[in-house]
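Following: one structure in structure tokens, then a few remarks.
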Amino acid sequence: MKIFRITALLNCLFPLAAIAAEPTHHVVDVITDIDNMRMYFEPKVLQVKAGDTVTWWNVHKEDHNVVTYPGGHPNGSEGFDSPFLREIDASWSHTFTVEGTYNYHCIPHMLLGMHGSVIVGEPSTADGFHVPSREETMAYRHRLVEYFDYDELDVMPKNVKTLLGGSPDTAEPAAAIIPNQALPAIAPVESSGM
Ligand SMILES: [Cu+2]
């Protein structure tokens, strides 16, 4: 087995390279900081290699999920879409096989800037992302509309309701959360007055 001997020889000469090629397990902490009204992923940007597994770990008791944007994953990949992590220590894992950039977020807290990226190997170029079909885009939009219904808006912090275009003092639905209208750009949330 000549190939085997060559491999064995390379492993002797470059033992670190052999170790580095092994799949690695990474953890992203899913953080709920109620006092400061912050929900975030730590690290926000994680670089891994093809074959590696990432586990999102819910550090606190709060509902979170991790979902790639419809156009937020590389050509030829499936993206990912986790169930809700609800309890402390709840976790969900995904193994990355296709190289490129995966931009994801938590649906309940996307308006609080709960976004993250996993870069597998090299980052995707601008034209290297999956182009979602109309059906994929509409399905995603429908999930947002379902999630951010009137009841949810009612319990949202005032500054977020204001960002959505609703009145901060009422539970008025946000005009922006209607199918076929673009979501507004999210300005930085003022920390004063909280
Ligand atoms: Cu969340």
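Among residues of region 50-69 that are of a type in the set (Asp, Glu), those with a beta-carbon under 7 Å from a residue that is within 12 Å of the ligand (Cβ to nearest atom) at least six positions away or on a different chain give the pairs 62/32; 63/84; 63/86; 63/108. Counted as qualifying within region 83-134 are the strands (runs of 3 or more DSSP E) with 2 or more residues that are closer than 17 Å to residue 70 by Cβ and within 14 Å of the ligand (Cβ to nearest atom), namely 100-105, 115-120.
Residue pairs whose Cβ atoms lie under 8 Å apart, sitting 6 or more positions apart in sequence or on different chains, and linking a residue in region 101-124 that is without any contact (Cβ under 8 Å) to a residue 60 or more places away in the chain to a partner that is of a type in the set (Lys, Arg), are 107/143.
Laboratory data are not the source of any read-out in this text; all were calculated from the coordinates shown. The structure displayed is predicted, hence computed values, not measured ones. Cβ atoms come from the backbone with ideal geometry, glycine included; neighbour counts cover every protein chain shown.
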